[in-house]
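The values are calculated or read from the model by the stated rules, or taken from the named source; none is laboratory data. From a predicted model like this one, the values you see are computed outputs, not experimental measurements. For neighbour counting, all protein chains shown are included, and Cβ atoms are generated from backbone atoms with ideal geometry for every residue, glycine included. Just the protein is used for accessible areas: all its heavy atoms, side chains included, with ligands, DNA and RNA removed. Shrake-Rupley method; radii C 1.70, N 1.55, O 1.52, S 1.80 Å.
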Amino acid sequence: MAQEVRGVIAPGKDEPVRVETIVVPDPGPGEAVVKIQACGVCHTDLHYKQGGINDDFPFLLGHEAAGIVESVGDGVTDVAPGDFVILNWRAVCGQCRACLRGRPWYCFNTHNAKQKMTLKDGTELSPALGIGAFAEKTLVAAGQCTKVDPAVSPAVAGLLGCGVMAGIGAAINTGNVGRGDTVAVIGCGGVGDAAIAGSRLAGAAKIIAVDIDDRKLTTAEKLGATHTVNSRSTDPVEAIRELTGGFGADVVIEAVGRPETYTQAFYARDLAGTVVLVGVPTPDMKLELPLIDVFGRGGALKSSWYGDCLPSRDFPMLIDLHLQGRLDLGAFVSETIALDDIEAAFERIHHGDVLRSVVML
């Protein structure tokens, strides 16, 4: 029997979000209903609200979440009612050419729930990243649920569902940061700081944080940065080279998503070094680099989508590291808020006042 719950929708482009009654259907084959306990307020949700993703309004916002499986549909075997799970937005298919080649983190056929959640009048909702977790309950594909140790706080567990995993994965999975490496991270928001934490976890010897906001640089130091550069007043390329013996960093992670900062990342890496783009550009942005420099500097230019993660492999591992005291996920939680406070939380994101506001339900 369908349930009615409270959820936060974006009704139209740049319109204020509002709390509405959401109708959540019973799970069909391969689906699950999850009772949400916590959901981070991610910049991607703000992009949805602003119409920067697509125009399939109204959106049911929220995607960086953890909760308890309430019910499952036919054919679901990996999770069961009562399981504590982190939601992910890339449920792998197991059948595409990437999955069959043993690279499921590149799955080309990820999927979501087939049924739609609606408003009371029957208006179909578009769930953010196929999740829609600014709600008391949500309907997802069962493959979007990853079971983890229930000893962890939901407020920190949910962060692995998007931003923190994207940053840690950019360092460990995509950048292959290793012991003794030098790393520079350009852009120290939630994703950039997670890349710093991931680099520290991987054993990087020197981690250089670059941003234009001294507040963010202070936070970056707490998460593992050994050096900081304010690029508003200092040339970051020259500063990174100076801090690396004149050579440049082994791995430079660009967590802004702009041509200017990507160019800085390109020239701030050592010969045969790696650039990882994890910041999300807009469709209109163009990049111009001398092709001779692309050839002559060697190395690798990579993009990292969701940190090249495999949720079933990475989420439980990172939760275990957190519970062992080796990865401080709690440092990313700036505040906890209620569903009614999300519009104000978007303002704090816009002004760079928080790493993460987390909605508790």
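Restricting segment 246-278 to residues that are over 21 Å from ALA205 (Cβ atoms) and open to solvent by less than 10 Å² (accessible area, probe 1.4 Å), the residue that is nearest to the chain's Cα centre (by Cα) is GLY257.
Provide a single number: the residues in segment 328-345 that are β-branched (Val, Ile, Thr) and touching a Ser or Thr at 6+ places or on another chain (Cβ under 7 Å).
Residues of segment 328-345 that are β-branched (Val, Ile, Thr), as a first pass: 333, 336-337, 342.
From what's left, touching a Ser or Thr at 6+ places or on another chain (Cβ under 7 Å): 337.
So the answer is 1.
Residues that are more than 27 Å from GLY330 (Cα to Cα), in contact (Cβ under 8 Å) with a residue 60 or more places away in the chain and in contact with a Gly (Cβ under 6 Å, 6 or more places away or on another chain): which strands (runs of 3 or more DSSP E) entirely in segment 25-106 hold 1 or more of them?
31-40
Sort out which residues of segment 289-328 are among the acidic types (Asp, Glu), surrounded by fewer than 21 Cβ atoms within 10 Å (Cβ to Cβ) and touching a Phe, Trp or Tyr at 6+ places or on another chain (Cβ under 9 Å), and write them in order of number. Result: ASP293, single match.
Determine, yes or no, whether VAL92 is under 13 Å from ALA142 (Cβ atoms) and either out of contact with any strand residue (DSSP E or B) (no Cβ under 6 Å at 6 or more places or on another chain) or open to solvent by less than 70 Å² (accessible area, probe 1.4 Å) (or both). Explain how you work it out, then say what you get.
Working: under 13 Å from ALA142 (Cβ atoms): yes; either out of contact with any strand residue (DSSP E or B) (no Cβ under 6 Å at 6 or more places or on another chain) or open to solvent by less than 70 Å² (accessible area, probe 1.4 Å) (or both): yes.
When the stated conditions are applied, VAL92 passes them.
A search for C-beta distances below 6 Å between a residue of segment 203-227 that is on the phi < 0 side of the Ramachandran plot and any residue that is at pLDDT below 95 and open to solvent by less than 60 Å² (accessible area, probe 1.4 Å), counting only pairs 6+ apart in sequence or on different chains, returns ASP213/GLY352. Once segment 313-342 is narrowed to residues that are polar (S, T, N, Q) and either within 16 Å of the chain's Cα centre (by Cα) or part of a loop (DSSP other than H, G, I, E, B) (or both), the residue that is nearest to ILE253 (Cα to Cα) is SER334.
Taking each residue of segment 237-251 that is more than 8 Å from ALA184 (Cβ to Cβ) and in contact (Cβ under 8 Å) with a residue 24 or more places away in the chain and looking for partners that are open to solvent by 20 Å² or more (accessible area, probe 1.4 Å) and assigned to a loop (DSSP other than H, G, I, E, B) with beta-carbon atoms closer than 7 Å, six or more apart or interchain, yields ARG241/PHE247; ASP250/ASP181.
Can you tell me which residue within segment 294-312, out of those that are at pLDDT 95 or above and hydrophobic (A, V, I, L, M, F, W, C), is nearest to the chain's Cα centre (by Cα)? Selected residue: CYS309.
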